[in-house]
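Remarks on the structure that follows.
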Amino acid sequence: MKIKPNSKFQSFIEEADGSLIIYVKSPPVEGEANIELVKILSEKFKIPRANIKINSGIVSRQKIVEIIAN
């Protein structure tokens, strides 16, 4: 998935290849964009934030995220 920080709006877009682009309002400073990303995914998939883990890309716009469903 790709994250776009400092966006004017929050949005969740699926590309034709199946990848996701997530627009977040937060800046990429001190993990703020990552926190907002987890919140958006939690709301979208209706799962607790604790079930979402960023496995790769903590300091990158390209991320690999693990979602644990119960």
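Worth pointing out:
- Its residue count N sets the reference 2.2 N^0.38 Å, and the alpha-carbon radius of gyration of segment 28-68 equals 1.08 times that reference.
- In whole percents, the pair-distance distribution calculated for the chain from its alpha-carbon pairs, binned every 10 Å from zero, is 21, 58, 20, 0.
- The chain: antiparallel DSSP beta bridges as a percent of all, rounded to 5: 75
- Per-residue ellipticity at 222 nm computed for the chain from its helices equals -6500 deg cm²/dmol, with DSSP H segments shorter than 4 residues left out and the rest contributing -39,500 (n - 2.57).
- Extension gain, residue 11 back to residue 67 (0.36 nm per residue minus Cα-Cα distance, nm): 18.3 nm
- 3J(HN,Hα) along segment 37-50: 4, 4, 4, 4, 5, 4, 5, 5, 9, 6, 10, x, 4, 5 Hz, from the Karplus curve 6.51 cos²θ - 1.76 cosθ + 1.60 with θ = phi - 60°, whole Hz, x for Gly and Pro.
- For residue 58 and residue 44, the difference between the fully extended length at 0.36 nm per residue and the C-alpha to C-alpha distance is 3.0 nm.
- Distance between modelled label sites at residue 4 and residue 20, nm, 7 Å Cα→Cβ extension: 1.6
Throughout, read-outs are computed from the coordinates displayed, never taken from laboratory work. All figures in this text were calculated on a predicted structure; none of them were measured in a lab. FYI the Cβ positions are ideal-geometry reconstructions off the backbone, even for glycines, and counts take in every protein chain you see.
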